[in-house]
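Colleague: First, the structure itself, so that you have it in front of you.
Read-outs throughout are calculated quantities, based only on the coordinates presented, and are distinct from any laboratory measurement. In this text the structure is predicted, and so the values were computed from the model without any measurement. Note: ideal-geometry Cβ built from the backbone for every residue, glycine included; neighbour counts use all protein chains shown.
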Amino acid sequence: MKTIHSLILFFSLFAAGSVSAQQISSAELQVTGLTCSMCSQATEKSLRTLDFIETITPDLNRNIFVIEFKKDKGVNIDQIRNKVEDAGFSVGNLAAVFNFNNAKIDENGQTILGGTVYKFLNTKSRVLNGPVKANVVDRDFIAGSVFKKTAAQYKTETYAAGKGTVNGKSTRIYHLTI
Amino acid sequence: MKFFKVLTVLALMAGTVKSQELYVFSEPASNMPSKSIGVRLTSEGFFQPQFANRFIPELMVGFNKNLMVHVQGFASDMDGRYRVEGGSLYAKYRFLSMDEAQSHFRAAAFARLSSSNRPTYTEDINLEGDNSGAQAGLVFTQLLHKLALSGTLSYTKSFENTGKQQHHMPAPDQILGYSLSSGYLLLPFVYKNYNQPNFNLYFEVLGKTNPENGRSYMDLAPAVQVIINSRTRIDLGYRFEVAGNLPGRYNKNMYLARVEFNFFSVLK
């Protein structure tokens, strides 16, 4: 009886833990091309149409938006980029806090978090645990010139395309640096 | 001389303040945000020989990040009493956008189709109220650190019926247009929030040439702009001719006053 009790307790803890843990808790989004507060306001309003965003705090002088994500909704990084581009601007930099739970980064730097595939360009073969701040360095998440430089530096096949074959299926892969 | 003084002052200010692209007498290559609506009311007119003005209500819609459309109506008392003159449809498509952290270069193509019932008496063509016709053009906008410049080239063909033509006066046919624009953010020096008013200064050079005979004019057009709550824009400008030999031209020595309201991300 005691064993069953502790088992239930154990599994309920586990369940609670996996439900409340948002894979990405916050992000610092730098937008390029903003020249006035009207442009920033338009960008913020565009971002606010995303249902997984909880709060947005703008830094109008640095063109940075600090975004807190909702705990119960999956974050779609590409949609953030789309909304910035819809407003007429581009993402200059996106640094997000990823919450890893003893995630194994394989020998290619790849891991899966909440069903999304991530590939680290500058780390591999290790275990990540807890909050990790990483930059999304895919095309259109950094300046075009920086993307070219990064592509030349790392020469990873999946980087140029932003996708690759995972478990036999063509899958979106986000590339990160820490 | 005065012109170069103004240029020097603007160039000096460019080093210290942020640049702006919300030009008053021309359009930038950048578009309005996708799924957003803007409403404008423009009043333009002249004081000599007697005061007359035109009202231009305007609806602007950003369909997607690259395509936006303006619909305008025109009414003025330039032929006596206030009356509706016509309307215009303007579309702009941004086909190039190269954004870097400190600079960007954008290019867009635009087209305009206009109708006006005003009588014609000059070879000048103004598709914003005075003539019926079609226009196509290109606009390039470059932001270099804190300096923003924009250039526009256009070709306009009038579709006027001869019944509107005044006797013994020149008839409109075609015209080339060009402009060079610059804009600067004067205030605030440091942003605190969206509610702070922005104060911008603009300086534009606007020209037209009739390709058949080379008759031309060039205007200088300074303007000030206030943006309130990051969504309401107020423009006040004046264009004056510095050189020209195009008789009876439109828009000569005219003021422009405008109020614009923006509704961001309101369309589904």
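Colleague: Once the range B:35-107 is represented by equal point scatterers at the alpha-carbon sites, with solvent omitted, what log10 I(q)/I(0) does the Debye formula produce at q = 0.17, 0.18, 0.25, 0.27 Å⁻¹?
Modeller: -0.75, -0.79, -1.07, -1.15
Colleague: Among the aspartates and glutamates, which have Cα under 17 Å from the Cα of A:Lys148 when same-chain residues fewer than 8 positions away are ignored?
Modeller: A:Lys148 reaches A:Asp138, A:Asp140, A:Glu157, B:Asp99, B:Glu100.
Colleague: Which angle from 0 to 90°, rounded to the nearest 10, does the C-alpha axis of helix B:2-14 make with the longest principal axis of chain B?
Modeller: 30 degrees
Colleague: Still on this model: Through the Karplus equation 6.51 cos²θ - 1.76 cosθ + 1.60, θ set to phi - 60°, convert the phi angles of the range B:122-127 into ³J(HN,Hα) values in whole Hz; use x for Gly and Pro.
Modeller: Each residue's phi maps through the Karplus curve to give 8, 7, 5, 10, 10, 7 Hz.
Colleague: Does the range B:2-263 come out rounded, prolate or oblate by the C-alpha gyration tensor, with a ≥ b ≥ c the root eigenvalues, rounded set by a/c under 1.5 and, if not, prolate when a/b is larger than b/c and oblate if not?
Modeller: Judged from the Cα gyration tensor, the range B:2-263 comes out prolate (a/c at least 1.5, a/b above b/c).
Colleague: Take every Cα-Cα pair in the range A:21-177 and report what % of them are more than 24 Å apart.
Modeller: So the pairs more than 24 Å apart make up 33 percent of the total in the range A:21-177.
Colleague: Within the range A:156-178, which residues have the backbone N less than 15 Å from the label spot 7 Å out from A:Thr123 along Cα→beta-carbon, could you tell me?
Modeller: Those under the cut-off are A:175-178.
Colleague: Calculated from DSSP H runs of 4 or more alone, at -39500 (n - 2.57) each and per residue, what is the 222 nm mean residue ellipticity of chain B, nearest 500?
Modeller: Theoretical 222 nm ellipticity from helices: -1500 deg cm²/dmol.
Colleague: May I pose another question? What is the order of B:Asp124, A:Asp51, A:Asp59, fewest Cβ neighbours within 10 Å to most?
Modeller: A:Asp51, A:Asp59, B:Asp124
Colleague: Among A:114-120, A:133-139, how do they line up by average Cβ neighbours within 10 Å per residue, starting with the highest?
Modeller: So the peptides A:114-120, A:133-139, ranked by packing, come out A:133-139, A:114-120.
Colleague: Also, quick follow-up: With a ≥ b ≥ c taken as the square roots of the eigenvalues of the C-alpha gyration tensor of the range B:139-236, please select rounded if a/c is under 1.5 and otherwise prolate if a/b is larger than b/c or oblate if it is not?
Modeller: Since a/c reaches 1.5 and a/b is larger than b/c, the shape of the range B:139-236 is classed as prolate.
Colleague: Mind checking A:38-50 for the average number of partner chain beta-carbons within 10 Å of each residue's beta-carbon?
Modeller: Across the residues of A:38-50, the mean count of other-chain Cβ atoms within 10 Å is 6.
Colleague: Another one. How many Cβ atoms of partner chains, on average, are near each residue of A:88-95 if near means within 10 Å of its Cβ?
Modeller: 4
Colleague: Could you check how many percent of all C-alpha pairs in the range A:129-178 are farther apart than 17 Å?
Modeller: For the range A:129-178, the share of Cα pairs beyond 17 Å comes to 38 percent.
Colleague: Residue by residue, what Karplus-based ³J(HN,Hα) values in Hz, rounded to whole numbers, does the range A:51-67 have, using 6.51, -1.76 and 1.60 with θ = phi - 60° and x for Gly and Pro?
Modeller: Residue by residue, the range A:51-67 yields 6, 9, 9, 8, 9, 10, 10, x, 10, 5, 7, 9, 6, 10, 10, 8, 10 Hz.
Colleague: For chain B, what does the relative contact order come out to in percent, with C-alpha contacts under 8 Å and a separation of six or more?
Modeller: 19 percent
Colleague: By counting other Cβ atoms within 10 Å of each Cβ, how are B:Glu160, A:Glu85 ranked from fewest to most?
Modeller: B:Glu160, A:Glu85
Colleague: Right, next: Would you tell me the mean number of C-beta atoms belonging to other protein chains that fall within 10 Å of each C-beta in A:154-161, as a whole number?
Modeller: 0
Colleague: Turning to a different aspect of this structure: Could I get the Rg over Rh figure for the protein assembly as shown? Both from C-alpha atoms, Rh via Kirkwood, rounded to two places.
Modeller: Expressed as Rg/Rh, it is 1.10.
Colleague: Moving on to the next point. What is the fewest-to-most order of B:Tyr23, B:Tyr178, B:Tyr184 by other Cβ atoms lying within 10 Å of their Cβ?
Modeller: Listed from fewest to most nearby Cβ atoms, that is B:Tyr178, B:Tyr184, B:Tyr23.
Colleague: Using the structure shown, select from A:Lys83/B:Lys92; A:Lys71/A:Lys124; A:Lys71/A:Lys169; A:Lys104/A:Lys133 the pairs with a Cα to Cα distance greater than 22 angstrom.
Modeller: Listed pairs above 22 Å: A:Lys71/A:Lys124; A:Lys71/A:Lys169.
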